[in-house]
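Each remark here refers to the structure printed beneath this line.
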Amino acid sequence: GLAAVDAETGRFRWKTLLVTGNTGIKSYYEYFGSSMQLGPPAVDGGVVYAATGLNSLAALNAFTGEAVWISGYPKMNIPSLDWGGQSQLLEQMRGRVLKVMNRGPASPVVGDETIVLAPKDTTGLIAFDRRNGTIRWTHDLEDARFLAGVCDGRLLVVDNEVKALDMNTG
């Protein structure tokens, strides 16, 4: 959930429970705690945008804490982290999974029409419509351990290289 305090007085304003369940990436019957450090929410135009750690993004009214929308996305589910040297493809996937699990905590990035998230419980980038939370575009296998921000309507995505993606179309 999320809680808010008054910026001037420090007094408690509201607390909202968003979702419940097991966080992290499921491998067989185990959950690896990849979502433990979600990063701070983003605020713009009186709306707080926060990753929940349970494969969803929430938009809340910044003054009341009421949910404007909560939108889910597909959660990464892997058969096992102990694949060994079974094949080159499995080794590449293992490397990608470990890279995703090592993403730093990231805030959602707010654009004019979209909110972009690089969640720790899936393998890429997801853009949500700012008005209603529907998914506008995804980059399922994007190497994006860091989101540097927005410049001229383009999202700066950083990993081994820097990319500029159009915020509205991906």
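In table form, for the structure just shown:
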| read-out | value |
| --- | --- |
| Answer residue from segment 103-135, given it is open to solvent by 20 Å² or more (accessible area, probe 1.4 Å) and at pLDDT 90 or above and is farthest from Ser56 (Cα to Cα) among those | Asp112 |
| Residue count for segment 140-170, restricted to those that are of a type outside the set (S, T, N, Q) and over 24 Å from Val47 (Cβ atoms) | 11 |
| Filter result for the condition that a residue is more than 22 Å from Ile135 (Cβ to Cβ), assigned to a loop (DSSP other than H, G, I, E, B) and either modelled with pLDDT of 90 or more or open to solvent by less than 80 Å² (accessible area, probe 1.4 Å) (or both), over Gly21, Gly53, Gly95, Gly65 | Gly65 |
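The values are calculated or read from the model by the stated rules, or taken from the named source; none is laboratory data. In this text, all values refer to a predicted model and were calculated from it rather than measured experimentally. Because the Cβ atoms are built from the backbone with ideal geometry, glycine has one as well, and the counts that use them run over all protein chains shown. The area values use the complete protein model at the heavy-atom level, side chains included, leaving out ligands, DNA and RNA. Shrake-Rupley method; radii C 1.70, N 1.55, O 1.52, S 1.80 Å.
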